[in-house]
């Protein structure tokens, strides 16, 4: 057998081992169409979290140590000690990972978000509730973000599908006091 035929024969053998069908003689090797179910131009299956409707949000909890209330015309005061913690909230429907949502929000929304923030020093504030208010509140929390999230999965046919969705309210590293009308602040959880 001459050298050209040996190379062509070896190439045909490798092509067949790779799942290709060789048509014609030496030098005429061509690949047959892909078998059924293969997607030569399809997508690799993948999934990821998408964040939207991002707004700065003040995060506080129902912990009674974090807020005070009083009637109109009265000065109210609040002191927060070092180590006081405020927790965020992630809710949704479907199967999802809270840890992955928090990590993704920290990377995609703001680089200082987490589920729990802790106050590092003792601090206080006071506020005179306006007399036109029946009641007012003064509360401690952390400024962070409120957002919506969804978990999207893309199949081999490049078709996206939402498999879970929900909302999140996560504190950042920025502690502060807030005040307002009513019996209590808008709690995160």
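When the expected Rg is taken as 2.2 N^0.38 Å, what fraction or multiple of it is the alpha-carbon Rg of segment 46-181?
Compactness ratio reported: 1.30.
Tell me the label-point distance for the pair residue 155, residue 50, using the 7 Å Cα-to-Cβ offset, in nm and rounded to one decimal.
About 1.7 nm separates the two model spin labels.
In nanometres, what is the gap between the two model label sites at residue 97 and residue 79, each 7 Å from Cα along Cα-to-Cβ?
Placing both labels 7 Å beyond Cα along the Cβ direction yields 4.4 nm.
As a footprinting exposure proxy, order 118, 131 by other Cβ within 10 Å, with the fewest listed first.
Numbers: 118 14, 131 10.
Listing 118, 131 from fewest to most nearby Cβ atoms yields 131, 118.
Per 0.36 nm of contour for each residue apart, how much would the distance between residue 183 and residue 112 grow if the chain were fully extended, relative to their Cα-Cα spacing?
Working: separation 71, 0.36 × 71 = 25.56 nm, distance 3.03 nm.
Length gained between residue 183 and residue 112: 22.5 nm.
If we count other beta carbons within 10 Å of each Cβ, what is the order of 148, 122, 60, fewest first? Working shown, then result.
Details: 148 14, 122 11, 60 25.
Ordered from fewest to most neighbouring Cβ atoms within 10 Å, 148, 122, 60 come out as 122, 148, 60.
No lab work stands behind these numbers, since they all come straight from the coordinates. Only a predicted model underlies this, so the values are computations on that prediction, with no experimental measurement involved. No Cβ is skipped: glycine too gets one built from the backbone with ideal geometry, and neighbour counts run over all protein chains shown.
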